[in-house]
Amino acid sequence: MDARAELRDEVERLTLVDHHVHGAFLVAPDRDTLENAFNEGSTDPLPEWVSGFDSQLGFAVRRWCAPILDLAPHASADDYFARRAALGETEVSRRFLSRAGVSDWLIDTGFAAETLLSPGVMSEFSGGSASEILRLESLAESVILDDALVGDYPYAFRAALARAAADPAVVGTKTVIAYRTGFDIELSRPSDSDVRRAAAVWHTTVGESGTARLVDPTLLAFGIYAAVDAGLPVQFHVGFGDRDLDLKRVNPLELTDFLRDPDVQRVPVLLLHCYPFEREAGYLAQAFANVYLDVGLAVNYLGARASALVARSLELAPFAKILYSSDAWGPAELHYLGARLWRNSVTEVIGGWVERGEWSLDDGLRVIRMMASENAVRAYGL
Ligand SMILES: [Zn+2]
């Protein structure tokens, strides 16, 4: 057997830790909902002349997901949707989740969780285990909505965080500050008195509107530092996402001063997605011992171009700092496809280096195992 074939065989057998992922759909999406879920940038309905299937992601679904539903590769979008609907969402989810080859799902339950399978059901359908990642902004919003707690917001937030983190299922935290202010703000540690003042102002606006969405930079920074002080890994949404965020304000290089803080350097900081800033993220992973990155989400969206992204993620970053994630949300296709395209990409990229004699087969396989699971196991203490 040649080296590339041997590497491919090994890669197919590996189980993955998907360190950033959400639940799969609870109920079957209609055609528009499914096609919309194939477009990350806009949450608006797609124009009638745009099909979510006519994209790198849509083509990859027809190529790689169709056979899992007993269709030929490249089945038409109409045939694909009809087959999916005929099987029903439970069967679709069971097939895709169990075929992803994921041993551990680290699930962010912070967005529209009521429309998605719970971690317990994700575990049951896939055969893998499921842990939870706690969203810091959601925790802050629950604290401010609870009138009894706002007398001393810093105390109340820290206590709520300690309570949540005491659950053995919780293995880390996540911040969506990218969606709230971007990174080009003052992200140093605020004093408790500044935090109390900011919380009092926020509490007043919450009282008027009855809803809470944390956008105050002082309180966002406070939440992140509370997680750091609690010794918890902190995931940052970086780069690509829907247009609720301002892509030009979420370049991870804006986090450099924050990463220089010695307190921050005591916990793993995990830069999620990163596209189109994967090279900047790779630099930060080299510059700071506690910084990790993945290229999840974009691997699915780049489809046939995913291997170019995976190759770029293997430039500056030390190999002990690169993790696998799908960042799938909604269609169970995405939970499977992330793993499928990642396996294809590492086989193509690293297999190519092995074939050219740049890397040994043993080194190639060792690095692939690090990225597949070992780095995540170490970073989160799984
Ligand atoms: Zn996500």
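The values are calculated or read from the model by the stated rules, or taken from the named source; none is laboratory data. Because the structure is a prediction, the values reported are computed rather than measured. Here Cβ is always computed from backbone atoms with ideal geometry, including for glycine, and neighbour counts include all displayed protein chains. Side chains included, ligands, DNA and RNA excluded: accessible areas come from the protein's heavy atoms. Shrake-Rupley method; radii C 1.70, N 1.55, O 1.52, S 1.80 Å.
Report, by residue number, each residue of the stretch 236-247 that is out of contact with any Pro (no Cβ under 9 Å at 6 or more places or on another chain) and at pLDDT 95 or above.
As a first pass, look at the stretch 236-247 and keep what is out of contact with any Pro (no Cβ under 9 Å at 6 or more places or on another chain): 237, 241-246.
Within the stretch 236-247, just His237 meets the criteria.
Need at least 3 residues that are within 27 Å of Ala24 (Cα to Cα) and within 16 Å of the ligand (Cβ to nearest atom) per element, so show me which helices (runs of 4 or more DSSP H) inside the stretch 278-382 make the cut, counting only ones lying wholly within it.
Numbers: elements: 278-287, 298-302, 306-313, 332-355, 361-369, 375-380.
Passing ranges, in order: 298-302, 332-355.
For (1) modelled with pLDDT under 95; (2) charged (D, E, K, R); (3) under 21 Å from Arg343 (Cα atoms), each residue gets a yes or a no:
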position	(1), (2), (3)
Leu259	no, no, no
Arg266	no, yes, no
Leu272	no, no, yes
Ala281	no, no, no
Gln286	no, no, no
Ala289	no, no, no
Val310	no, no, yes
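Can you tell me which residue is nearest to Ile144 (Cα to Cα) among those in the stretch 231-265 that are touching a residue at least 60 places away in the same chain (Cβ under 8 Å), more than 16 Å from the ligand (Cβ to nearest atom) and open to solvent by less than 60 Å² (accessible area, probe 1.4 Å)?
Of everything passing the filter in the stretch 231-265, Leu232 is nearest to Ile144 (Cα to Cα).
What number of residues in the stretch 338-378 are out of contact with any Asp or Glu (no Cβ under 6 Å at 6 or more places or on another chain), farther than 17 Å from Ala308 by Cβ and hydrophobic (A, V, I, L, M, F, W, C)?
10
Output the residues belonging to the stretch 47-71 that are under 24 Å from the mean Cα position of the chain (by Cα) and at pLDDT below 95.
Answer for the stretch 47-71, where residues must be under 24 Å from the mean Cα position of the chain (by Cα) and at pLDDT below 95: just Gly52.
Pairs needed: first member in the stretch 12-41, under 16 Å from Ala77 (Cβ atoms); second member anywhere, among the hydrophobic types (A, V, I, L, M, F, W, C) and within 16 Å of the ligand (Cβ to nearest atom); C-beta distance under 7 Å; at least 6 residues apart or different chains.
Qualifying pairs under 7 Å: Pro29/Ala37; Phe38/Leu57.
Residues being surrounded by 13 or more Cβ atoms within 10 Å (Cβ to Cβ) and outside any helix (DSSP H, G or I): count how many of those fall in the stretch 187-212.
Matching residues across the stretch 187-212 total 4.
Among the numbered criteria (1) at pLDDT below 95; (2) surrounded by 22 or more Cβ atoms within 10 Å (Cβ to Cβ), which single criterion is violated by Leu219?
It fails just one condition, (1).
Check Asn251 against each of (1) more than 28 Å from Glu132 (Cβ to Cβ); (2) over 19 Å from the mean Cα position of the chain (by Cα); (3) not hydrophobic (A, V, I, L, M, F, W, C) and name the one condition it does not meet.
Checking Asn251 against (1) more than 28 Å from Glu132 (Cβ to Cβ); (2) over 19 Å from the mean Cα position of the chain (by Cα); (3) not hydrophobic (A, V, I, L, M, F, W, C), the one that fails is (2).
Return the pair list, or none, for Cβ contacts closer than 8 Å from residues in the stretch 105-124 that are open to solvent by less than 40 Å² (accessible area, probe 1.4 Å) to residues that are among the aromatic types (Phe, Trp, Tyr), at least 6 apart or on different chains.
Cβ pairs passing all conditions: Leu106/Tyr380; Leu116/Phe25; Leu116/Trp329; Leu117/Phe25; Leu117/Phe125; Pro119/Trp105; Met122/Trp105; Ser123/Trp105.
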